[in-house]
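Below you'll find the structure, written out as structure tokens, and then a few comments.
The values are calculated or read from the model by the stated rules, or taken from the named source; none is laboratory data. Just so you know, these numbers come straight off a predicted model, no measurement behind them. Here the Cβ positions follow ideal geometry from the backbone for every residue, glycine too, while neighbour counts run over all protein chains shown. Quick note on the areas: whole protein, heavy atoms, side chains included, nothing else; ligands and nucleic acids left out. Shrake-Rupley method; radii C 1.70, N 1.55, O 1.52, S 1.80 Å.
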Amino acid sequence: TVYFNNSAISTDSSTLKDLIHEKGLHDKKGIAVAINNAVVSKETWQKIKLNKEDNILIITATQGG
């Protein structure tokens, strides 16, 4: 179990990149990711292993006026 945008979820994903694919966010542009309040760059998503109780926050940029 991890926390994804403040909701507890169960996942079989082992890396952050896997979770992003599982949630269908892999093809979105303008997303920012933080794990346990630390921002992580896209280049490191594959290397970051998920641990129980991790708090993952993903936000997407939106356009508007």
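What percentage of the solvent-accessible surface of the range 1-59, computed with a 1.4 Å probe over protein heavy atoms, is contributed by carbon and sulfur atoms?
For the range 1-59, the apolar C and S fraction of the accessible surface comes to 48 percent.
DSSP loop (so not H, G, I, E, B), at most 12 other Cβ within 10 Å: list which trypsin sites (Lys or Arg not before Pro) in the chain pass both filters.
Answer in residue order: LYS28, LYS29, LYS47, LYS52.
Please say if the chain is rounded, prolate or oblate, where rounded means a/c under 1.5 for a ≥ b ≥ c the square roots of the C-alpha gyration tensor eigenvalues, and otherwise the choice is prolate for a/b larger than b/c and oblate otherwise?
prolate
Could you give the length gained on full extension between HIS21 and VAL39, defined as 0.36 nm per residue of separation minus the Cα-Cα distance, in nm?
Length gained between HIS21 and VAL39: 4.6 nm.
Please compute the per residue accessible area over the chain with all protein chains in place, 1.4 Å probe, rounded to a whole number of Å².
71 Å²
Label-point separation (nm) for ASP54 and SER14, each offset 7 Å from Cα along Cα-to-Cβ?
It is 1.3 nm.
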